[in-house]
Amino acid sequence: MAKARSATRRRGIGNRIIFPRRKTSELNALPEVPFKDVELLKQYITERGRIVPRRISGNTAQTQRALTLAIKRARGIALLSFSEGYVPQD
């Protein structure tokens, strides 16, 4: 017979209870992500130019989609580099 699982345990290994992480991104409070704010966008891009995933950045799914769109728009009008992450404007 298979052993029944305890109904009191939520998620975790052994007796540890793991609570989900709270989403703590400043973009969640904004109505839309400004694609011209390069200093804000480069916080969500790695050194190699990749977009930081949602589980690391703390964004909601809706905010992460808007952030991705804003980064792609900024890359399209040459405010951000595709490979290096940030292009200084002279």
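Read-outs: derived from the displayed coordinates by stated rules, not from any lab. These numbers come from a predicted model, not from an experiment. Here the Cβ positions follow ideal geometry from the backbone for every residue, glycine too, while neighbour counts run over all protein chains shown.
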Total residues in the stretch 43-82, condition buried (at least 17 other Cβ atoms within 10 Å of the Cβ) and on the phi < 0 side of the Ramachandran plot: 15
Scan of the stretch 29-59 for residues that are among the aliphatic types (A, V, I, L, M) and closer than 20 Å to I77 by Cα, ordered by number: V33, V38, L40, L41, I45, I51
Of all residues making up the stretch 63-77, the number that are farther than 12 Å from V52 by Cβ and in a helix (DSSP H, G or I): 10
Residues within the stretch 27-62 that are in a loop (DSSP other than H, G, I, E, B) and not basic (K, R), tallied: 15
